[in-house]
Amino acid sequence: MELIKTVAEMAALGHGWRAANKKVGIVPTMGYLHEGHLELAKTSVANNEITVMTIFVNPIQFGPNEDLDCYPRDLAGDLAKAESVGVDYVFAPQPADMYPKTYSCSIDITGVSETLCGQSRPGHFQGVCAVITKLFNLVQPTNAYFGQKDGQQLAVIKHLAADFNMPVKINGVPIVREADGLAKSSRNVYLDEECRKQALVLSQSLQVAKRLYDEGQRDASMIKAAVRAHIETAPLAEIEYVEIVDALTMQPVGKLEDEVMLALAVRFKTTRLIDNILLGGEA
Ligand code: PAF
């Protein structure tokens, strides 16, 4: 495995691969890798000739009061994990190389980015779209892999790639959970023992929703009320949103007809966790 540290080196490799018609998979991450990231990498390794994992804590997708400065980092540990699952290249650039003083573009994506996390994290998805556009231009991937855990991010990136005719297929990979159900996240390290215990209400509440759906309930407000009631059994849980949205447009629905995503964001003390489940559709 090779570590690429500069934008110039990454661009030279990526453009070479495109010219040689190589099948390249990209796994964009912000590092502090867990099994969810490794699942993305394994999927890429199994389906491409070359896999590039990017590790970059993207400053422009964090708001002024968010956790950019204390976001967990462990490049040495990440490199060992990436190598263990067969990643060929890790691209870990410096912020000043990605965003030199002359950098001035922003990608304004409407609709799909305006609900759910888009409401509480203004500018977040613009920052994600900008960095993903840059990474795709540098790596020139055939396939890109994103976790379903960040379901809205996945939908936003699918719109970005389609709207700008990017020659890359966007692949979603199912959520990886701890044995007790908590969705894997780099931010889980912030949870103290009590919060970690209470955070189980998130995955449990998704199962409450699934049970109601399987029993035939199609009224979004009934399902949301049951999910909220379950989350509220945890005294430390502060709900930011519980919403049921169309899986493609991320717009709220009243009735569950096509595939939908039940998404939630809940704060436990200072830690904000998200989780979701897809209901309906073909699966
Ligand atoms: O999901 C993440 O870790 C980030 O939002 C991403 C996609 C790597 C862009 O910085």
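The values are calculated or read from the model by the stated rules, or taken from the named source; none is laboratory data. This structure is a prediction, so every number in the text was calculated from the model and none was measured. Note that we place each Cβ from the backbone using ideal geometry, even for glycine, and neighbour counts take in every protein chain shown. SASA here: full protein model, heavy atoms, side chains in, ligands and nucleic acids out. Shrake-Rupley method; radii C 1.70, N 1.55, O 1.52, S 1.80 Å.
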From the list Asn276, Asn188, exactly one residue is touching a His at 6+ places or on another chain (Cβ under 9 Å), on the phi < 0 side of the Ramachandran plot and of a type in the set (S, T, N, Q). Which is it? Asn188
Residue in the range 154-173 that is farther than 26 Å from Val208 by Cβ and of a type in the set (Lys, Arg) present: yes
Output the number of the condition that Cys129 fails; it satisfies all remaining conditions of (1) modelled with pLDDT of 95 or more; (2) away from the ligand (no atom under 15 Å from the Cβ). (2)
Only listed residue being more than 14 Å from Gln152 (Cβ to Cβ) and either buried (at least 20 other Cβ atoms within 10 Å of the Cβ) or in contact with a Cys (Cβ under 9 Å, 6 or more places away or on another chain) (or both), chosen from Val266, Val253: Val266
Criterion (at pLDDT 95 or above and more than 13 Å from the ligand (Cβ to nearest atom)) met by exactly one of Leu116, Leu135: Leu116
Only residues that are open to solvent by 50 Å² or more (accessible area, probe 1.4 Å) and basic (Lys, Arg): list them for the range 211-236, please. Arg211, Arg218, Arg228
Any residue in the range 52-73 that is part of a helix (DSSP H, G or I), open to solvent by 40 Å² or more (accessible area, probe 1.4 Å), over 27 Å from Gly123 (Cβ atoms) and within 15 Å of the ligand (Cβ to nearest atom)? no
Looking at (1) open to solvent by less than 20 Å² (accessible area, probe 1.4 Å); (2) within 19 Å of the chain's Cα centre (by Cα); (3) of a type in the set (Val, Ile, Thr), which is the one condition that is false for Val24? (2)
Kindly evaluate Leu154 against the criterion of being touching a strand residue (DSSP E or B) at 6+ places or on another chain (Cβ under 7 Å), within 11 Å of the ligand (Cβ to nearest atom) and within 15 Å of Val57 (Cα to Cα). no
Kindly list, by first and then second residue, each pair from a residue in the range 20-34 that is outside any strand (DSSP E or B) to a residue that is not charged (D, E, K, R), limited to pairs with Cβ atoms under 6 Å and residues at least 6 apart or on different chains. Lys22/Ile50; Lys23/Asn48; Lys23/Thr142; Met30/Val57; Gly31/Ile55; Tyr32/Pro72; Tyr32/Ser186
Does any residue of the range 86-109 turn out to be among the basic types (Lys, Arg) and touching a Leu at 6+ places or on another chain (Cβ under 7 Å)? no
